[in-house]
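Working notes, structure below.
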Amino acid sequence: MHVALTGATGFLGLRLLRRLLTTHPSLTVLTHAGSGDALSRITRFFELSGAPDALVRALPGRLRVVETALEEPRLGLSRTAFRELADGLGAIWHSAGSINLEGDLAHLRRTNVDGTRHVLDLAAAGRHRPAVHHVSTAFVAGARRDGVAYEDELSGVHGFENAYERSKFEAETLVREWSRTHGRAVLVLRPSILVTDLPPHPDLPAHPLQVIEQILRDSLRTTGHQELPGTDRPRMRMVGHPYGHLNLMPVEEAADVMVRLAESAAPKGCGPTVPAPRDAAPRDPGPEAGAPGRAARAGVTTYHVVHHHDVPVPTLVALLERLVPLGLDLVPERPADATPLEALMDFYPGFTSYLRHRRRFDDTRVRTLLGARPSGYRVDLDHLCAGLLRGRPVTG
Ligand SMILES: NC(=O)c1ccc[n+]([C@@H]2O[C@H](COP(=O)([O-])OP(=O)(O)OC[C@H]3O[C@@H](n4cnc5c(N)ncnc54)[C@H](OP(=O)(O)O)[C@@H]3O)[C@@H](O)[C@H]2O)c1
């Protein structure tokens, strides 16, 4: 089955691409038009993440790059190009999107909701009824801060912490409607916050937690705090729960779990699985082989792609204190006498609310399908620091 992937230059998309190339001889990457040379960015990731030379050299021959604009009808392609693209596909992985937690709803809707609609149009147009694997987020659970979020739930009753969550919720709602209307099967994959211990590098997509570091650094600068050796660290009170916890999932593991879930959902006896050594190029069985659209039961199946341990909020506070020259104190409510630095946090509601979270994501479906899978990764302060700090001095 020939597979297309959106978002292949992204933090997750690059890992999905690398994982998919272990079982697919060639892939079509639907890249972001006008956003830089996708093939070079992909190649750079493979080099920096230690891919074998042979695989790096083979990339131009194994990847077909099609430039697209998610927010445009037909992904910005001509009618003919759209039709030809659709007819050649057996599956579409939709990983592109905006993950801007502080973004405005109109912009996020264009990328995440309209973008999903246009990808679904591509799937609807395809002669071989390509399978759809939609990357959502566990955070469609919204502003529900405790209890358990289940995989079959999709409800906006708790509201949302930010416009990003709302846009991803709306995109999932759209996917459900589309599946019902078209009688098609869709996998919805909901990862939690993705992290890596691959050292940061200017040529790699930003680690999602780097955004928080940037916000804190900008806030320090705006309020006139300077990073001078020997000066005291300013202290800042942040609203958070001392027993709060968040789920952080290593992105490499998330990509592996997602691809295994998609393979398990495909009808037996067909599909891409030619036994192959990791990163080698397998045979291509053609676009129609293994396309679950025909054989798989219609409907949406949703999976929480999460780590089996949550990370305690105090560990995240310790991480932030390593990243920025700040002392952080968790407090239950916003202080009435907020300092200018603390008051600035009001402008970044997108992330600060997560320090109050105590909910868990149930992943019974994933464990039922793939078996109990104690993670090969321990997500702790060391893991997080490796992906954010290596190569520069630790603060404090
Ligand atoms: N990162 C996380 O912690 C996390 C957690 C849960 C779920 N997710 C979901 O996982 C998916 C991938 O996230 P990510 O972390 O890989 O994000 P990312 O690093 O920001 O990458 C986003 C990808 O989407 C592409 N893209 C953005 N706007 C586009 C447009 N208008 N047209 C075409 N392509 C466009 C980007 O291309 P350019 O780079 O060329 O702009 C990039 O390849 C998203 O759906 C996100 O909601 C992410």
Tell me the carbon and sulfur percent of the accessible area for segment 135-223, rounded to whole percent, probe radius 1.4 Å.
51
Quick check: pseudo-label points 7 Å beyond the Cα along Cα→Cβ at residue 84 and residue 157, how many nm apart are they?
5.1
Rounded to the nearest 0.05, FRET efficiency between residue 223 and residue 330 (Cβ-Cβ, R0 30 Å) equals 0.90
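Within the set of other residues whose C-beta is less than 14 Å from the C-beta of residue 261, count the net charge using Lys and Arg as +1 and Asp and Glu as -1. All intermediate terms of the calculation are to be shown ahead of the outcome.
Working: positive: 19, 190, 260, 365, 367, 373; negative: 151, 253, 256, 263, 363.
Result for the neighbourhood of residue 261: +1.
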Other residues with Cβ under 11 Å from the Cβ of residue 148 give, with Lys and Arg +1 and Asp and Glu -1, a net charge of -1
Label point distance in nm, residue 148-residue 39, each placed 7 Å from Cα along Cα→Cβ
5.0
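Once the piece of chain linking residue 369 and residue 127 is laid out straight, how much longer is it, given 0.36 nm per residue of separation minus the C-alpha distance between them? Don't skip to the answer; put the middle values down first.
Numbers: separation 242, 0.36 × 242 = 87.12 nm, distance 2.94 nm.
That pair, residue 369 and residue 127, stretches by 84.2 nm at full extension.
Could you sort the peptides 20-31, 42-53, 126-137 by per-residue average Cβ neighbour count (10 Å cutoff), highest mean leading? List each step's numbers first, then the result.
Values: 20-31: 21.5, 42-53: 16.0, 126-137: 23.8.
Final packing ranking: 126-137, 20-31, 42-53.
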Could you state the accessible area per residue of the chain in Å², with a 1.4 Å probe and every protein chain left in place?
43
Taking the chain as a Gaussian network, where each spring joins two C-alpha atoms under 10 Å apart, which residue of 107, 304, 207 fluctuates the most?
107
Residue by residue through segment 181-198, what is 3J(HN,Hα) from phi via Karplus (6.51 cos²θ - 1.76 cosθ + 1.60, θ = phi - 60°)? Round to whole Hz and write x for glycine and proline.
5, 9, x, 10, 8, 9, 9, 10, 10, 10, x, 7, 5, 8, 9, 8, 9, 5
Segment 115-221: GluC sites (Glu not before Pro) falling in loop per DSSP and having at most 11 other Cβ within 10 Å:
none
Residue by residue through segment 312-317, which ³J(HN,Hα) values in whole Hz follow from phi under the Karplus form 6.51 cos²θ - 1.76 cosθ + 1.60 (θ = phi - 60°), with glycine and proline marked x?
x, 4, x, 5, 5, 5
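So how many Å³ per residue does the convex hull of the Cα atoms of the chain work out to? Before the final figure, lay out each step's value.
Working: hull volume 55.2 nm³, N = 396.
Measuring per residue, one finds 140 Å³ for the Cα hull of the chain.
Between residue 318 and residue 214, what's the calculated FRET efficiency when r is the beta-carbon distance and R0 is 22 Å? Round to 0.05.
Details: r = 19 Å, r/R0 = 0.85.
FRET efficiency, residue 318 to residue 214: 0.75.
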Simple spin-label estimate for residue 107 and residue 49 in nanometres, 7 Å along Cα-Cβ
2.7
Of 191, 205, 174, whose Cα points farthest to the positive end of the dipole of segment 141-213 (charges on the beta-carbon: +1 Lys, Arg; -1 Asp, Glu; origin at the Cα centre)?
174
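The values are calculated or read from the model by the stated rules, or taken from the named source; none is laboratory data. Because the structure is a prediction, the values reported are computed rather than measured. Cβ coordinates were reconstructed from backbone atoms using ideal geometry, including for glycine residues, and neighbour counts include every protein chain displayed. These area figures cover heavy atoms from the full protein model, side chains too; ligands, DNA and RNA do not enter into them. Shrake-Rupley method; radii C 1.70, N 1.55, O 1.52, S 1.80 Å.
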